[in-house]
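Encoded as structure tokens, here's the structure I'll be asking about.
The values are calculated or read from the model by the stated rules, or taken from the named source; none is laboratory data. Predicted, not measured: the structure shown is a model, and the values here were computed from it. Cβ coordinates were reconstructed from backbone atoms using ideal geometry, including for glycine residues, and neighbour counts include every protein chain displayed.
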Ligand SMILES: [Zn+2]
């Protein structure tokens, strides 16, 4: 029988078992290594409301500007919900090899390539790191 994916759509290398998680959408149990995970960084308020809040805020006096906190959400979906919500799609054999990288991580990686950003688990032999200048 031909196999669609060498890893059967999972990342359970030689573990034998991986803990199940609940899907965010339908609450189905899904192995953690199989679940479709997306890391979301959202602003708490939309652009126009943010401007209104900034105008009346007392923290914005002087040079320092108040930084509005953001929402950091990790979503985990089962495969059915991932396909249904079009988070992932059916891809050709070649395209299936492209791995998902979150936008935040992609930015971090590009900055790291430029030598501007230090990533916590940077390995030996990686490019030298220069402190990020503000
Ligand atoms: Zn689901």
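Looking at region 16-27, which of its residues are out of contact with any helix residue (DSSP H, G or I) (no Cβ under 7 Å at 6 or more places or on another chain) and either touching a residue at least 12 places away in the same chain (Cβ under 8 Å) or surrounded by 12 or more Cβ atoms within 10 Å (Cβ to Cβ) (or both)?
18, 19, 20, 21, 22, 24, listed by residue number.
Considering only region 35-51, I want to know if a residue exists there that is within 16 Å of the ligand (Cβ to nearest atom) and over 19 Å from the mean Cα position of the chain (by Cα).
As a first pass, look at region 35-51 and keep what is within 16 Å of the ligand (Cβ to nearest atom): 35-38.
Of the ones still in play, those that are also over 19 Å from the mean Cα position of the chain (by Cα) are none.
There is no residue in region 35-51 that is within 16 Å of the ligand (Cβ to nearest atom) and over 19 Å from the mean Cα position of the chain (by Cα).
Going residue by residue through region 87-98, is there one that turns out to be surrounded by 13 or more Cβ atoms within 10 Å (Cβ to Cβ), within 16 Å of the ligand (Cβ to nearest atom) and touching a residue at least 40 places away in the same chain (Cβ under 8 Å)?
Scanning region 87-98, I find at least one residue that is surrounded by 13 or more Cβ atoms within 10 Å (Cβ to Cβ), within 16 Å of the ligand (Cβ to nearest atom) and touching a residue at least 40 places away in the same chain (Cβ under 8 Å), so the answer is yes.
I would also like to ask the following. With respect to residue 62, is the statement that it is on the phi > 0 side of the Ramachandran plot, loosely packed, with under 13 Cβ neighbours inside 10 Å and modelled with pLDDT under 85 true?
yes
Conditions first: (1) within 16 Å of the ligand (Cβ to nearest atom); (2) within 15 Å of the chain's Cα centre (by Cα). Residue 80 passes all but one, so which condition is the exception?
Tallying (1) within 16 Å of the ligand (Cβ to nearest atom); (2) within 15 Å of the chain's Cα centre (by Cα), residue 80 fails exactly one: (2).
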